[in-house]
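Taken together, the values in this text are just the output of simple stated rules run on the coordinates, not laboratory data. Predicted model, so just to flag it, every value in this text is computed and none were measured. Virtual Cβ from ideal backbone geometry, glycine too; neighbours counted across all protein chains shown.
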Amino acid sequence: MTLKVDAVFEGGGVKGIGLVGAVSEVEKAGYEFENLAGTSAGAIVASLLAVGYSSAQLKEELEQLDYNAFKDESLLDKLGFIGKSLSLGFEYGIYEGEFFESWLERLLTAKGKKTFGDIRTDYKEEQYRYKFQAIAADLTDRRLLVLPGDLKDFGYDPDKFGISRAVRMSMSIPFFFEPVKLRDSSGRPHYIVDGGLLSNYPIWLLDDGSSDPPWPTFGFKLMETDRRAPKGPDRNPINNPISFLKAVVGTMLDAHDSYHISQSKGDYDRTIGIPTAISLKGIEKEIKTTDFNIKQEESQALYENGVKVAKKFLKMWDFDKWKKKYRKK
């Protein structure tokens, strides 16, 4: 029996493989994704699921991926620290982001779905008009963007806008990647960056507001093992400008903890919390958003984290009980 489910994926850089592990178990349980949304790495996973990739296919693609290739440098960047500093000053980011966009475009092309018009649904409601939505942040107007819907405000036709471009916006980690410059209909430039600055876990996005939703929304969140326990500070050793930069970015993108989930709306109970700490050969390690040097065995450990918690979640999940407790009055 096929069961429908909406899904929202949190951002987390290289930790995104953990999301795929959880997805694999949800698929095995007979669920089919209806509407999807995500931020940053979560937007990558959600977009590929939306165009027809399975978790097994995603795992294969990510296993072949060298994350360091995402650190594509311009000629200026190759001049060492001085060059990277100039890139920050003139381009507002060190890495170009072109490799990522080309990589995602290739995967989308393989499924024959490159624009949002290719994944348009039959739903009349604005929030369900496209099978996939991405969260980004407009620094110029200091606002959260839900793409592709908010592209109308810039004078763009959402149907004709490229999915890979929208995801590139959503994953533009500040300082690391150059922001996407998007001009509105008046020619004014807007600088678009990682949506994690404003909503790294948009679990609210796909709720229909009714007391009896026809199917559930599952949240896939990268977090500590005990989802309700406060997490102590994870020290960022700072001894040079680059380590300072990494600390700033890490603090912005990793500081979204369980308190951002609404208890009263039942968000805890519909969230699959995937630990980002792994254990290899008896050594504990917390994987960070910008750990582009992540090893294959570390990625596999994150994937297995997702598998384990999803299995546990699905054994406990009861949609009717959830609705009775949090929706039906």
#### Entry: Residue-span extension gain [Thr2 to Glu27] - 0.36 nm each, minus C-alpha spacing
8.0 nm
### Message
Quick check: net charge around Ser299, other residues with Cβ under 13 Å of its Cβ, Lys/Arg +1 and Asp/Glu -1?
### Response
-4
## Note on the structure
Here the stretch 25-36 yields Karplus 3J(HN,Hα) values (6.51, -1.76, 1.60; θ = phi - 60°; whole Hz; Gly and Pro given as x) of 6, 5, 5, 4, 6, x, 8, 10, 6, 9, 10, 9
### Query
So which of Lys131/Lys221; Lys160/Lys328; Lys111/Lys295; Lys160/Lys324 end up more than 31 Å apart by C-alpha?
Lys160/Lys328; Lys160/Lys324
### Query
So which trypsin sites (Lys or Arg not before Pro) in the stretch 93-128 end up in coil per DSSP with only 14 or fewer other C-beta atoms within 10 Å?
Lys124
### Query
Considering amide H positions built from the backbone, and no H for Pro or chain starts, which residues 5 or more places from Ser172, or on another chain, come under 5 Å of its amide H?
Asp194, Gly195
### Message
Using amide H atoms built in the peptide plane, which far-off residues or other-chain residues are under 5 Å from Gln133 H to H?
### Response
Leu36, Ala37, Gly38
### Task
Could you calculate the contour length gain from Lys265 to Arg142, that is, 0.36 nm times the residue separation minus the distance between their Cα atoms, to one decimal place in nm?
41.6 nm
### Task
Express in nm, to one decimal, how much length is gained between Asp157 and Asn293 on full extension, taking 0.36 nm for each residue of separation and deducting their alpha carbon distance.
45.2 nm
### Message
Tell me the Rg and the Dmax, in Å, that the Cα atoms of the stretch 281-329 produce.
### Response
17.0, 50
### Query
For the stretch 90-147, what class follows from the C-alpha gyration tensor (a ≥ b ≥ c being the square roots of its eigenvalues): rounded when a/c is under 1.5, otherwise prolate if a/b is larger than b/c, else oblate?
oblate
### Summary
Here Rg/Rh (Cα, Kirkwood) for the stretch 1-74 equals 1.01
